[in-house]
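The values are calculated or read from the model by the stated rules, or taken from the named source; none is laboratory data. Just so it is clear, the model here is predicted, and its values are computed rather than measured. As a convention, Cβ positions derive from the backbone with ideal geometry for all residues, glycine included, and neighbour counts pool all protein chains shown.
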Amino acid sequence: MDKTSTQKSELKIQAENARRRLKSGYWENLQSERDAAIRDAKKRGDSTETLEEYYRSVFLHRVNAYNNAVDNKEEAFYKRVCEIVENGDDLNPVSRLMDQSAYERLDAAGKQRYIVNLMQKFAQMKERYDREKRLIK
C-alpha cells in the first residue's frame, strides 16, 4: 500500500469517526454540559474563565485523541494515571503503569531509559490532572 492510499484510508477512518460523533450528538452534549457549568458558575458568582479554559482543554484533548492514534494511547495512559491518583496509589505509580513484558525484554540501559521516560510521562499527566482539577473547582 503506497503513501497516498494509506492517507486516504486514514482520512476515511477520520471521516467515519466524525460522522459517528455528529450522529450521536457528542458535540452537542459537550456544549450543553459546558453551558450548564458556566450558568451554574455565574449563579454562584464564580469566574467563568477557568471553566472556559477547562472545556477548551477537554475539547482539544478529545479532538486530538480522535484524530491521532498516538493521542489515543496518550489518553488511555492519562486515564490510567487519573485512576492511580484518585485511588491514592501514586506512591509507586511506575510499577502500575509499566508494561512488564516490554520491560523484561530490555537491556540494563534500556530499562533505565524506560523507567525515566515513564516517570516523566507520569509527571506530565499528573500535572495535567492537577491542572484540570483546579480548573473545574
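Summary table
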{"read-out": "Count of the range 1-55 residues which are of a type in the set (Gly, Ala, Ser) and at pLDDT 80 or above", "value": "5"}
{"read-out": "Residue among Arg96, Arg113, Arg131 that is among the charged types (D, E, K, R), assigned to a helix (DSSP H, G or I), at pLDDT 90 or above and surrounded by 11 or more Cβ atoms within 10 Å (Cβ to Cβ)", "value": "Arg113"}
{"read-out": "Considering residues of the range 65-80 that are of a type in the set (A, V, I, L, M) and under 17 Å from Ala15 (Cβ atoms) only, the residue modelled with the lowest pLDDT", "value": "Ala69"}
{"read-out": "Pairs where the first residue, in the range 104-132, is under 19 Å from Asn92 (Cβ atoms) and in the same structural domain as Phe77 (by TED's automatic domain parsing) and the second is in a helix (DSSP H, G or I) and among the basic types (Lys, Arg), C-beta under 9 Å, 6+ apart", "value": "Glu104/Lys111; Met125/Arg80"}
{"read-out": "Filter result (surrounded by fewer than 11 Cβ atoms within 10 Å (Cβ to Cβ) and within 27 Å of Glu132 (Cα to Cα)) within the range 5-27", "value": "Ser24"}
